[in-house]
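Each remark here refers to the structure printed beneath this line.
The values are calculated or read from the model by the stated rules, or taken from the named source; none is laboratory data. The structure displayed is predicted, hence computed values, not measured ones. Virtual Cβ from ideal backbone geometry, glycine too; neighbours counted across all protein chains shown.
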Amino acid sequence: MSAATTSPATGPASAQQPPDQRLADQRIVIFDTTLRDGEQSPGASMNLEEKLRLAKTLEELGVDVIEAGFPIASDGDFEAVREIGKVVRRSTIAGLARAHRKDIDRCAQALEFAEKKRIHTFISTSPLHMKFKLQMEPAQVLEAVSSSVAYARSLVDDVEWSAEDGSRTEHDFLCRCVEAAIAAGATTINIPDTVGYGVPEEYGALFTMLRSRVPNIDRAILSVHCHNDLGLAVANSLAGVRCGARQIECTINGLGERAGNAALEEIVMALRTRHDKLPFSTGIQSEAIMKASRLVSAITGFVVQPNKAIVGANAFAHESGIHQDGMLKHAGTYEIMTPESVGLVRSAADRGGLVMGKHSGRAAFRARLSELGYALDDAAIDETFKRFKLLADKKKEIFDEDLIALVDDQIGHAEDVVKLVSLEVLAGTKGPQRADLVLLIDGVECSNSATGNGPVDAIFNGIKALYPHDARLGLYQVHAVTAGTDAQAEVTVRLEDVDRGVVGRGADSDTLVASCRAYIHALNKLLVKRRRTALNAASIAG
């Protein structure tokens, strides 16, 4: 960018000014990167079936752009982007690519079947990253920006360019890179706060500066992508929007590397609740937020903290007497949004409707699942209904959370090699603790009796004896689905292989049975992953 076209940068104070009137009431593009940036969280890897399920849920949620993966990174990522592109029709499908032709070619191949496709290419622009990570001079980086964007644009019409570590990039150089990217054909310009270093005033001012100094800035949509290392990801994202950004990159539950990304649910509900100060709109169906949140938690094994904004278990709970008194008089005294607005459906008893129990029929069961946002095929309904009846014989009250846990525990077992037939456990203070297991392995019943340092250890030792493997137990976690001593237990197990881990979940009113189900679920996912890796290796060799 020449000096003749560069005006002085606007000072940080301008970030605190209200948005221009011409920018008010504009639509914000929601770009969800749970499947790409979110999956980079240690232990949060997903298999293909889980990614497809989540992608469909994101489409139902109303997400504008789904970043489905990083195709060059692995065969699994390539396959995920490709398969998601086949089934998702309303949302744009994006694939990530570095500023290399091989990356961009691989990305374009993965997007072949997508109805609406985007190549998202990036390169680092901060002095620190250019010197130590890229080992490139600024002139080389600038050339890479132009050539990579131009090449991507020759393959697809929708190209996004990102300045990695943009919030720590020198303003003059950032302006030159942005201008070059737009000139080469970028339709979206993303300025990430890659390491979560920015603060709202500073980050917002960055967008004001770009709008003031880059002559062709009106030819592209500006985007924010903020990490949460200082707990400011949502605040920084909203500051960017107030100063001209019209796309927000975020994830469900704030999932992501290190401390995570800006949380989609917090972004959307902030825009909706404080429309007086943030006069922007999104296409998100907020009533589907809880379903998406629960699904991400179930797939990754990352339990949502109780005091998490919007989707935490305590987000709409009121225990203080003063608060309860105010709520009884008027809900608005302590609730700035309704539980229903984010998809927290009131119980059937509260609505004067049918209460689920051991006398409930299949039609009522299917209807309640439909109200909760679940559409299962007949086979899945049959199996889940059997589990529901068994649970109803043990519990006096069946809560919505119980039904959700049953569904989450049922889905995703189509390719299971190992299945639980029966489990008996001897536990207590004397020891040794023993687990008597019967498993169905490739259609053959196998039994075993194993001991361990506690009943859970005995169960896991028994499974490993019946189906030997070298995966290491990386996580064992238990939480109650509802309150009460008869509550279902939901157990999360992570098995770690040589390259990546897999997460399994199990639910049952017996914690030990739930533990067994969770371990077997993780083991089955590990076997599927290994089989696909072997098939990919064979196809490459052939």
Query raised in the report: Which condition number in (1) touching a residue at least 40 places away in the same chain (Cβ under 8 Å); (2) farther than 19 Å from D64 by Cβ; (3) assigned to a loop (DSSP other than H, G, I, E, B) is the one that L230 fails?
Result: (1)
Report summary line: A careful count of residues in the stretch 174-207 that are among the polar types (S, T, N, Q) and surrounded by fewer than 23 Cβ atoms within 10 Å (Cβ to Cβ) gives 1
Query raised in the report: Can you name the residue in the stretch 471-499 that is part of a loop (DSSP other than H, G, I, E, B) and closer than 15 Å to V513 by Cβ and, of all such residues, is nearest to the chain's Cα centre (by Cα)?
Result: V481
**Report entry** Residues that are over 16 Å from A184 (Cβ atoms) and polar (S, T, N, Q), drawn from the stretch 107-150
**Finding:** Q109, S124, S126, Q135
Report task. Please verify whether the stretch 137-147 includes one or more residues that are touching a strand residue (DSSP E or B) at 6+ places or on another chain (Cβ under 8 Å), closer than 30 Å to L264 by Cα and not in a loop (DSSP other than H, G, I, E, B). Result -> yes
Query - Residue that is of a type in the set (D, E) and in contact (Cβ under 8 Å) with a residue 60 or more places away in the chain, where the choices are D158, D165 - result: D158
Report task. Evaluate the following for V407: is it surrounded by 13 or more Cβ atoms within 10 Å (Cβ to Cβ) and modelled with pLDDT of 80 or more? Result -> yes
Query - Some residue of the stretch 123-142 being small (G, A, S), farther than 30 Å from L52 by Cα and surrounded by fewer than 19 Cβ atoms within 10 Å (Cβ to Cβ) - result: yes
Report summary line: Conditions (1) of a type in the set (A, V, I, L, M, F, W, C); (2) crowded, with 20+ Cβ neighbours inside 10 Å; (3) touching a residue at least 60 places away in the same chain (Cβ under 8 Å) -> I221 fails only (2)
Requested in this report: Identify all residues within the stretch 258-286 that are part of a loop (DSSP other than H, G, I, E, B) and either out of contact with any Leu (no Cβ under 8 Å at 6 or more places or on another chain) or among the small types (G, A, S) (or both); write none if there are none.
Outcome: R258, A259, G260, A262, R274, H275, D276, K277, P279, G283
Report task. With the checklist (1) in contact with a Phe, Trp or Tyr (Cβ under 6 Å, 6 or more places away or on another chain); (2) modelled with pLDDT of 90 or more in hand, flag the one item T482 doesn't pass. Result -> (2)
Requested in this report: Considering only the stretch 54-72, state which residues are surrounded by 22 or more Cβ atoms within 10 Å (Cβ to Cβ), free of Cβ contacts under 8 Å to residues at least 60 places away in the same chain and among the hydrophobic types (A, V, I, L, M, F, W, C).
Outcome: A55, I66, A68, F70
Query raised in the report: Which members of the stretch 239-267 meet the condition of being in contact with a strand residue (DSSP E or B) (Cβ under 8 Å, 6 or more places away or on another chain), of a type in the set (D, E, K, R) and buried (at least 24 other Cβ atoms within 10 Å of the Cβ)?
Result: E249
Query raised in the report: Checking A507 against (1) in contact with an Asp or Glu (Cβ under 6 Å, 6 or more places away or on another chain); (2) outside any helix (DSSP H, G or I); (3) over 19 Å from R294 (Cα atoms), which test does it fail?
Result: (3)
Requested in this report: May I ask you to list the residues in the stretch 45-63 that are assigned to a helix (DSSP H, G or I), farther than 14 Å from D408 by Cα and touching a Ser or Thr at 6+ places or on another chain (Cβ under 9 Å)?
Outcome: A55, L58, E59, L61
Query raised in the report: Given the structure, is N236 within 22 Å of the chain's Cα centre (by Cα), in a helix (DSSP H, G or I) and buried (at least 24 other Cβ atoms within 10 Å of the Cβ)?
Result: yes
Report task. Could you tell me whether any residue of the stretch 387-405 is part of a strand (DSSP E or B) and either under 27 Å from R530 (Cα atoms) or not basic (K, R) (or both)? Result -> no
Query raised in the report: Which one of these is modelled with pLDDT of 95 or more and under 15 Å from S124 (Cα atoms): A180, A152?
Result: A180
Requested in this report: Using the structure shown, decide if K51 is in contact with a strand residue (DSSP E or B) (Cβ under 8 Å, 6 or more places away or on another chain), assigned by TED's automatic domain parsing to the domain that holds R294, free of Cβ contacts under 8 Å to residues at least 40 places away in the same chain and closer than 18 Å to I252 by Cβ.
Outcome: yes
Query raised in the report: Does the stretch 492-500 contain at least one residue that is over 20 Å from V304 (Cα atoms), touching an Asp or Glu at 6+ places or on another chain (Cβ under 9 Å) and at pLDDT below 95?
Result: yes
Query raised in the report: If I310 satisfies every condition in (1) over 14 Å from the mean Cα position of the chain (by Cα); (2) surrounded by fewer than 24 Cβ atoms within 10 Å (Cβ to Cβ) but one, which is the exception?
Result: (2)
Query raised in the report: Considering only residues of the stretch 464-494 that are of a type in the set (K, R) and touching a residue at least 12 places away in the same chain (Cβ under 8 Å), which is surrounded by the most Cβ atoms within 10 Å (Cβ to Cβ)?
Result: R494
Query raised in the report: Does the stretch 444-455 contain at least one residue that is assigned to a loop (DSSP other than H, G, I, E, B) and either at negative phi or touching a helix residue (DSSP H, G or I) at 6+ places or on another chain (Cβ under 9 Å) (or both)?
Result: yes
Requested in this report: For the stretch 190-200, state whether one or more residues are over 23 Å from N261 (Cβ atoms) and touching a Lys or Arg at 6+ places or on another chain (Cβ under 8 Å).
Outcome: no
Report task. State whether the residues of the stretch 73-86 include one that is at pLDDT below 95, in a loop (DSSP other than H, G, I, E, B) and buried (at least 18 other Cβ atoms within 10 Å of the Cβ). Result -> no
